[in-house]
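What follows is a set of notes on a single structure, which appears directly below.
Nothing in this text is a laboratory measurement; each read-out follows from the coordinates by a stated rule. Everything quoted here is computed from the prediction, not taken from an experiment. All Cβ positions, glycine included, derive from the backbone under ideal geometry; neighbour counts span all protein chains shown.
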Amino acid sequence: MSNETTLAFTVSDMTCGHCAKTITNAVLAAYPSAKIDIDLAAKRVSIANAGDRAAVASVIEAEGYSPADA
């Protein structure tokens, strides 16, 4: 059984594959063991095995995106 917490964000300004890759790379740089699932059509980013919500949101914001609670 896993106690892995998954954080979910809606990133309305994530519009293309480049945006998704930028967010993925930034999160992995900060949390190398993170598991990231991106649904570009839904503008949803799900991240497991990372820091707390505020810290992960800060990483995404630092790349110029606006994460909101999903």
*What spacing in nm lies between the two simple spin-label points modelled at ARG44 and THR24, each 7 Å away from Cα in the Cβ direction?*
1.8 nm
*Of SER12, GLY51, ASN25, which is farthest on the positive side of the dipole of the chain, counting Cα position, with +1 on Lys and Arg Cβ, -1 on Asp and Glu Cβ, and the Cα centre as origin?*
ASN25
_Pairs of alpha-carbon atoms within less than 8 angstrom and 6+ residues apart define the contacts here; what relative contact order does the chain have, in percent?_
44 percent
*the chain, Rg to Rh (Cα coordinates; Rh as Kirkwood inverse mean 1/r)*: 0.93
*Once you charge only the Cβ atoms, +1 for Lys and Arg and -1 for Asp and Glu, what is the size of the charge dipole of the chain about its Cα centre, to the nearest 20 debye?*
120 debye
